[in-house]
Amino acid sequence: MRIAVVRRYDFDAAHVLPWHQGKCARLHGHTYRLEVTVAGPLDHRGVVMDFAEVDEIVERHVLAILDHYHLNDVLENPTAERVALLVGERLTAAGLPWSQLRLWETADGSVVVER
Ligand SMILES: [Zn+2]
């Protein structure tokens, strides 16, 4: 068996995709949903990782630079894919042993990054 913990975060941000042929070329916002998966094994406490420990890292290293920001100020061409890759880079740099990230840009559209 394999086991993992998954935490979910919602944040709001604006962006523009200048190359887009449709409405995404105009300034608009999304309520993004980020799911962070950290896979096993269990430690001596019987957990993969304490939810609060995951939260602390995600809040400090990801949400602090994305929530309620204009993503074009943070990242060039902030597509969902590029935002998700940035999240992965930052969580890796912060030492979080994540195994999968899913970033929902809309209710029915998401991207997945696996490590
Ligand atoms: Zn958009």
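What to note about this one:
- Unique match (being closer than 26 Å to Leu27 by Cβ and either modelled with pLDDT of 95 or more or not hydrophobic (A, V, I, L, M, F, W, C) (or both)) among Leu71, Leu96, Leu91: Leu71
- Qualifying residue in the range 24-46 (condition: farther than 18 Å from Arg102 by Cβ and part of a helix (DSSP H, G or I)): yes
- A residue that is of a type outside the set (D, E, K, R), part of a strand (DSSP E or B) and within 16 Å of the ligand (Cβ to nearest atom) occurs nowhere in the range 84-94.
- Filtered residue count, the range 95-109, keeping only those that are within 16 Å of the ligand (Cβ to nearest atom), in contact (Cβ under 8 Å) with a residue 40 or more places away in the chain and either surrounded by fewer than 18 Cβ atoms within 10 Å (Cβ to Cβ) or more than 15 Å from Arg7 (Cα to Cα) (or both): 2
- The number of residues in the range 68-115 being hydroxyl-bearing (Ser, Thr, Tyr) and in contact with a Ser or Thr (Cβ under 7 Å, 6 or more places away or on another chain) comes to 1.
- Residue within the range 55-70 that is more than 13 Å from the chain's Cα centre (by Cα), in a helix (DSSP H, G or I) and crowded, with 16+ Cβ neighbours inside 10 Å present: no
The values are calculated or read from the model by the stated rules, or taken from the named source; none is laboratory data. Owing to the predicted nature of the structure, the values given are computational and were not obtained by experimental measurement. Please note: Cβ atoms are built from the backbone with ideal geometry, for glycine as well, and neighbour counts cover all protein chains shown.
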